[in-house]
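Peer 1: Attaching a single structure in structure tokens format; questions to follow.
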Amino acid sequence: RSHYLQQSPTDGIGITRAESRTASVLAVGEVRRLLAATRSAEHQEVAPAFLIQLFAGLRRCEVCFLRWEMLRDRFIRLDTVKLGTRRRPVEMPEALLRWIEPYRRSEGSVFKPSSLDRDGQRSAASRMASLGDTRGLEDAYACRLAALAREAGVTLAKNVLRHTAITMRVNSTGDVAATARWAGNSPAVVSMNYLGAATPDDARAFYSLKPGSHSQIVPFAAGTERSEPAARLPAATGLAEQDIKFVGNIGQ
């Protein structure tokens with residue numbers, strides 16, 4: 001004889017749909033302070049990767065995997081990425097081209113710390129990165145990024161650099177689908193998490209943050225043969241906030 005439950009164990013349990021949460025986004029004033037701090041000699045190891053995350057929205061595992069050979073003209077060519085992330089070309093905005101020019105090389109890792117914080121095994125971490133495992137480099141990057149943020153007096157929420165880049169991109173272009181391709185996300189994710197987190201005025205102010213007007217854009221040329229930085233920053237130079245070109249008063 002069959003016996004049936006009179007009541008299901010799931011009775012009375014509702015299905016709750018997770019609410020979307022607006023991404024944490026840096027205010028333009030915070031970005032200005034971070035950019036000023038990158039000019040300190042203490043933060044030269046982390047500055048290029050920081051700038052690429054801030055303006056191009058790469059994931060931490062992507063920026064730690066990145067090599068200078070993958071930057072050509074106005075694009076970061078993510079032809080080879082860590083397992084689980086999408087291959088894509090990422091257009092670099094003009095602001096990024098200006099900020100990153102003093103650091104660029106023709107080859108080598110974009111983030112190449114002189115030592116690793118956990119076990120000091122840089123060569124082991126390099127081998128891991130070549131196999132798509134960037135955990136050691138990500139830890140070192142997080143440590144140096146935290147030091148940069150402390151000097152700037154800014155608290156960096158998790159993934160806030162990527163969130164800021166995507167938010168400003170979609171508010172600048174107004175194109176959700178194109179921004180999703182650029183970020184390696186879906187249009188639904190961009191609409192849910194990044195629309196409404198800022199305004200077109202915020203985006204204009206963000207992209208107007210550039211080095212002093214004396215700085216010139218030098219495009220990434222495919223035939224560049226230099227292996228040393230294009231320019232050296234003075235070892236003790238700290239760029240004052242007023243030396244950063246800024247138009248607008250949003251996000252103060």
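The values are calculated or read from the model by the stated rules, or taken from the named source; none is laboratory data. None of the values given here were measured: they were computed from a predicted structure. Every residue, glycine among them, receives a Cβ derived from its backbone with ideal geometry; neighbour counts consider all protein chains shown. Heads up: the accessible areas ignore ligands, DNA and RNA and are worked out on the full protein's heavy atoms, side chains in. Shrake-Rupley method; radii C 1.70, N 1.55, O 1.52, S 1.80 Å.
Peer 1: Output the number of the condition that residue 127 fails; it satisfies all remaining conditions of (1) at pLDDT 95 or above; (2) open to solvent by 40 Å² or more (accessible area, probe 1.4 Å).
Peer 2: Only one criterion is unmet by residue 127, namely (1).
Peer 1: While we're on this one: Quick one: how many residues across the stretch 140-155 are more than 21 Å from residue 109 (Cα to Cα) and in contact (Cβ under 8 Å) with a residue 24 or more places away in the chain?
Peer 2: Residues flagged as more than 21 Å from residue 109 (Cα to Cα) and in contact (Cβ under 8 Å) with a residue 24 or more places away in the chain within the stretch 140-155 amount to 5.
Peer 1: Under 6 Å between Cβ atoms, at least 6 apart or on separate chains: pull out the pairs that start in the stretch 78-90 with a residue that is over 22 Å from residue 169 (Cα atoms) and modelled with pLDDT of 90 or more and end on any residue that is among the basic types (Lys, Arg) and in a loop (DSSP other than H, G, I, E, B).
Peer 2: No pair meets every condition.
Peer 1: Tally up the residues in the stretch 58-72 that are more than 14 Å from residue 162 (Cα to Cα), within 16 Å of the chain's Cα centre (by Cα), at pLDDT 90 or above and open to solvent by 10 Å² or more (accessible area, probe 1.4 Å), please.
Peer 2: Residues that pass the stated criteria total 2.
Peer 1: Let me ask another. Taking the conditions exactly as written (of a type in the set (Phe, Trp, Tyr) and open to solvent by 10 Å² or more (accessible area, probe 1.4 Å)), does residue 75 satisfy them or not? Break it down into steps so the answer makes sense when it comes.
Peer 2: Working: of a type in the set (Phe, Trp, Tyr): yes; open to solvent by 10 Å² or more (accessible area, probe 1.4 Å): yes.
It is true that residue 75 is of a type in the set (Phe, Trp, Tyr) and open to solvent by 10 Å² or more (accessible area, probe 1.4 Å).
Peer 1: Hey, among 146, 152, 197, which residue is under 18 Å from the mean Cα position of the chain (by Cα), at pLDDT below 95 and among the hydrophobic types (A, V, I, L, M, F, W, C)?
Peer 2: 197
Peer 1: Turning to a different aspect of this structure: Among the residues of the stretch 25-43, are any at pLDDT 95 or above, in contact with a His (Cβ under 8 Å, 6 or more places away or on another chain) and in a helix (DSSP H, G or I)?
Peer 2: yes
Peer 1: Now, a different point. Out of curiosity, is residue 97 under 27 Å from residue 136 (Cβ atoms) and either without any contact (Cβ under 8 Å) to a residue 60 or more places away in the chain or out of contact with any Leu (no Cβ under 7 Å at 6 or more places or on another chain) (or both)?
Peer 2: no
Peer 1: Here's a follow-up. Does residue 55 satisfy the condition of being among the hydrophobic types (A, V, I, L, M, F, W, C), modelled with pLDDT under 95, open to solvent by less than 30 Å² (accessible area, probe 1.4 Å) and under 16 Å from the mean Cα position of the chain (by Cα)?
Peer 2: Spelling it out, it is not the case that residue 55 is among the hydrophobic types (A, V, I, L, M, F, W, C), modelled with pLDDT under 95, open to solvent by less than 30 Å² (accessible area, probe 1.4 Å) and under 16 Å from the mean Cα position of the chain (by Cα).
Peer 1: Determine, yes or no, whether residue 117 is of a type in the set (D, E, K, R), at pLDDT 90 or above and open to solvent by 60 Å² or more (accessible area, probe 1.4 Å).
Peer 2: Considered against the rule, which asks whether it is of a type in the set (D, E, K, R), at pLDDT 90 or above and open to solvent by 60 Å² or more (accessible area, probe 1.4 Å), residue 117 comes out as no.
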